[in-house]
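Everything below concerns the one structure shown next.
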Amino acid sequence: MKVLLTGKNGQLGWELSRALAPLGEIAAFDRGGLDLAVPDQIVSAVRSVRPDVIVNAAAYTAVDRAETEPESAHAINAAAAGVLAEETKRAGALLVHYSTDYVFDGVKDAPYVEEDSPNPLNVYGTSKLAGERAIRAVDAPHLILRTSWVYAARGANFFLTIRRLLREKSSLRIVSDQIGAPTSAAALADATAQILRRHDRLALGTMSGIYHITAGGSTSWHGFATQIARLERETLQSTPAIAPIPSSEYPTPALRPRNSRLSNEKLLARFGVKLPSWEACLEKCHGQLQQGRPARDSG
Ligand SMILES: NC(=O)c1ccc[n+]([C@@H]2O[C@H](COP(=O)([O-])OP(=O)(O)OC[C@H]3O[C@@H](n4cnc5c(N)ncnc54)[C@H](OP(=O)(O)O)[C@@H]3O)[C@@H](O)[C@H]2O)c1
């Protein structure tokens, strides 16, 4: 199997480079090799690689900055997704694309299922939803995998930020009224590889659609931070107090949904794939960081 992977230096792209390697030949691109904002580059990359599967781990992910850069967010998250889908169809390939819990407004009282109506609260969510729709409109074989609260042992993410703040601050105030599933990029990449390994590419094409894919269970950002502190305790001189606060006390340019929980039942039923609990994923990521595994380079 030949895989074209975008966003190879992102949190997820980095883990996908590892997880997909045993499946075959990986042609992995960073922004320098394939800029999704330039449609011609997408066309020529796909036509020269001639992949069986395109895995799009690249995205405009700066949720707050997107509020003032909607054109960039749409070019990368929506327009580029449409071009990737067209090239996927032309190549007779399969497109694996990632989307987000932020397509929802968070007012539902239970985990969101794939059939729930999206209603994004911010520009990033709007651009990701437009990407989903662009892919579906082309009707190429595709899997759109919606995930949430992604973190890794490298990159810019809540896990690494809290880890740093635990060493710098004597107390922290963390939002406790947004609920979701922290999902490690490693678990997400492993699950993606499992799906591609267990199912023939053509069979996967017949299962085209949207799937929710997160770590098991849920918590708030406060719960996530508290669990990080628990794991870090032995390495800290003193553990800062972590106070729960409402979102209203931590205003951000982009609104976030209160309920980000995504039901993974369809994923399990269709592919037999289930991610570990968010606590287990966090412990594993933390352990790898302690052992100094993550950096294959300094980027
Ligand atoms: N992070 C989350 O909490 C979260 C939550 C839900 C869903 N998701 C989705 O999960 C997927 C993976 O996210 P992630 O957390 O791995 O994101 P990430 O760490 O921010 O990585 C995104 C990658 O995309 C690349 N990129 C940005 N603009 C590009 C362009 N114009 N052309 C080519 N590459 C470009 C970035 O390259 P540079 O380093 O050069 O900028 C970066 O390597 C995305 O689809 C995201 O929307 C993420």
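The values are calculated or read from the model by the stated rules, or taken from the named source; none is laboratory data. The structure displayed is predicted, hence computed values, not measured ones. All Cβ positions, glycine included, derive from the backbone under ideal geometry; neighbour counts span all protein chains shown.
So that you can scan it fast, the table gives a plain yes or no per residue for (1) under 18 Å from Ala59 (Cβ atoms); (2) surrounded by fewer than 20 Cβ atoms within 10 Å (Cβ to Cβ); (3) acidic (Asp, Glu):
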position	(1), (2), (3)
Thr100	yes, no, no
Val107	no, yes, no
Val113	no, yes, no
Ser117	no, yes, no
Tyr124	yes, no, no
Leu129	yes, no, no
Glu132	yes, no, yes
Ile135	yes, no, no
Ala140	no, no, no
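Apart from one condition, Ile179 fits all of (1) among the hydrophobic types (A, V, I, L, M, F, W, C); (2) farther than 25 Å from Leu23 by Cα; (3) in contact with a helix residue (DSSP H, G or I) (Cβ under 8 Å, 6 or more places away or on another chain); (4) surrounded by fewer than 21 Cβ atoms within 10 Å (Cβ to Cβ); the exception is (3). Of all residues in the stretch 53-73, those satisfying the criterion of being more than 19 Å from Asn157 (Cα to Cα) and buried (at least 19 other Cβ atoms within 10 Å of the Cβ) are Val53, Ile54, Val55, Asn56.
Restricting Gln227, Gln237, Gln194 to those that are part of a loop (DSSP other than H, G, I, E, B) and away from the ligand (no atom under 14 Å from the Cβ) reduces the list to Gln237. Of all residues in the stretch 30-45, those that are assigned to a loop (DSSP other than H, G, I, E, B) and either near the ligand (Cβ under 8 Å from one of its atoms) or among the hydrophobic types (A, V, I, L, M, F, W, C) (or both) total 8. Restricting Arg154, Arg146 to those that are assigned to a strand (DSSP E or B), closer than 30 Å to Arg230 by Cα and within 10 Å of the ligand (Cβ to nearest atom) reduces the list to Arg146. If you filter the stretch 15-29 down to residues that are closer than 15 Å to Ala59 by Cβ and among the hydrophobic types (A, V, I, L, M, F, W, C), you find that the one that is nearest to the ligand (Cβ to nearest atom) is Phe29.
Give the residue that is farthest from the ligand (Cβ to nearest atom), with candidates limited to residues of the stretch 157-176 that are surrounded by fewer than 16 Cβ atoms within 10 Å (Cβ to Cβ) and in a loop (DSSP other than H, G, I, E, B). The qualifying residue farthest from the ligand (Cβ to nearest atom) is Ser170. The number of residues in the stretch 265-279 being out of contact with any Leu (no Cβ under 7 Å at 6 or more places or on another chain) and either closer than 9 Å to Ala215 by Cα or without any contact (Cβ under 8 Å) to a residue 12 or more places away in the chain (or both) comes to 7.
If I filter the stretch 78-91 for residues that are over 29 Å from Arg197 (Cβ atoms), at pLDDT 95 or above and either within 9 Å of the ligand (Cβ to nearest atom) or under 20 Å from the mean Cα position of the chain (by Cα) (or both), do I get at least one hit? Yes, some residue in the stretch 78-91 is over 29 Å from Arg197 (Cβ atoms), at pLDDT 95 or above and either within 9 Å of the ligand (Cβ to nearest atom) or under 20 Å from the mean Cα position of the chain (by Cα) (or both).
Cβ separations smaller than 7 Å between residues 6+ apart or across chains give the following pairs from the stretch 149-163 residues that are at pLDDT below 95 to residues that are of a type in the set (Gly, Ala, Ser) and more than 10 Å from the ligand (Cβ to nearest atom): Arg154/Ala295.
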